[in-house]
1. Step by step: first the residues of the stretch 185-203, then only those that are in contact with a helix residue (DSSP H, G or I) (Cβ under 9 Å, 6 or more places away or on another chain) and among the polar types (S, T, N, Q), then the one that is surrounded by the most Cβ atoms within 10 Å (Cβ to Cβ). Which residue is that?
2. Residues of the stretch 2-31 being closer than 25 Å to residue 199 by Cβ and in contact with a helix residue (DSSP H, G or I) (Cβ under 9 Å, 6 or more places away or on another chain), which ones?
3. Which numbered condition trips up residue 153, out of (1) closer than 26 Å to residue 25 by Cα; (2) of a type outside the set (Phe, Trp, Tyr); (3) crowded, with 17+ Cβ neighbours inside 10 Å?
4. I want to confirm something. Restricting to the stretch 89-126 and keeping residues that are outside any helix (DSSP H, G or I) and without any contact (Cβ under 8 Å) to a residue 12 or more places away in the chain, which single residue is farthest from residue 178 (Cα to Cα)?
5. I'm trying to understand the selection: among the residues of the stretch 101-118, which are modelled with pLDDT under 95 and surrounded by fewer than 16 Cβ atoms within 10 Å (Cβ to Cβ)?
6. Would the stretch 51-64 turn up any residue that is in a helix (DSSP H, G or I), within 22 Å of the chain's Cα centre (by Cα) and under 15 Å from residue 201 (Cα atoms)?
7. I'd like to check something: does the stretch 30-38 contain any residue that is of a type in the set (S, T, N, Q), under 19 Å from the mean Cα position of the chain (by Cα) and either loosely packed, with under 12 Cβ neighbours inside 10 Å or not in a helix (DSSP H, G or I) (or both)?
8. Count, please, the residues in the stretch 158-184 that happen to be polar (S, T, N, Q) and either in a loop (DSSP other than H, G, I, E, B) or crowded, with 22+ Cβ neighbours inside 10 Å (or both).
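The values are calculated or read from the model by the stated rules, or taken from the named source; none is laboratory data. The shown structure was predicted, so the numbers you read here are calculated from the model rather than taken from an experiment. Cβ placement follows ideal geometry from the backbone for every residue including glycine, while neighbour counts extend to all protein chains displayed.
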Amino acid sequence: MTALERKEQTETFLKTLGIPVQDELPVIEEESDVHIRTVQEITARIMILTYLNCLVTQEELQPIILEYLQTHGLWAKVSPNEKRLFEKTSFTDEEKDLIAMRAECIWVLLWSINKVERLTLPTREVNVDELFPLLPPFLDDPFDYIKDASLRTATEILNEADFIFRLNWAMSKTPVEGLNAHIAFERYFTVNWITSVRMEWEDQPV
């Protein structure tokens, strides 16, 4: 499928949902040009976001979590803003809200390595408890988890990237009843990282 065919497919689907289409939006990357991140990169990001969520609810685990990230080579992959958060001993409400929304990112990352069967429309926030059965046991070495994971095809990932790109722009202009703009943005942010449109993972500072 070409990038133009993918754009047309997405626009047809959006129209069936009654969502306005913005024809002026460009096509996204061709499959031959896109750089999909590796299972190892994606799994490392899942671990980082998961343990940041754990830290918010159990601040006393900070020394153990920091040691885990360093022992398993994950600390070097933590973004500068995340490092600041990991090193804190208490969080503001704004920080807690931002970190909690990363559960949406974890869900998309899990989908990209076939741990989640499919992404439905962004209508309901992910409950963190839904994530735990899909992750390695707490503080386990992630080696076997990474070895058993498989990356989705570029076609699947780009189909989602194109859809969430156009959906986000539509929702930024006009709210769509029943769809959650915050979830849609988190998915857009995440897929852009998976496809290397966003070269570095960095949250907005809080």
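1. 190
2. 3, 6, 7, 10, 25, 26, 27, 28, 29, 30, 31
3. (3)
4. If we take residues in the stretch 89-126 being outside any helix (DSSP H, G or I) and without any contact (Cβ under 8 Å) to a residue 12 or more places away in the chain, then 117 is farthest from residue 178 (Cα to Cα).
5. Scanning the stretch 101-118 gives 117, 118.
6. Yes, the stretch 51-64 contains at least one residue that is in a helix (DSSP H, G or I), within 22 Å of the chain's Cα centre (by Cα) and under 15 Å from residue 201 (Cα atoms).
7. Within the stretch 30-38, the subset of a type in the set (S, T, N, Q) is 32, 38.
When the remaining residues are screened for being under 19 Å from the mean Cα position of the chain (by Cα), the result is 38.
Now drop any that are not either loosely packed, with under 12 Cβ neighbours inside 10 Å or not in a helix (DSSP H, G or I) (or both), which leaves 38.
Yes, the conditions are met somewhere in the stretch 30-38.
8. Number satisfying all stated conditions: 2.
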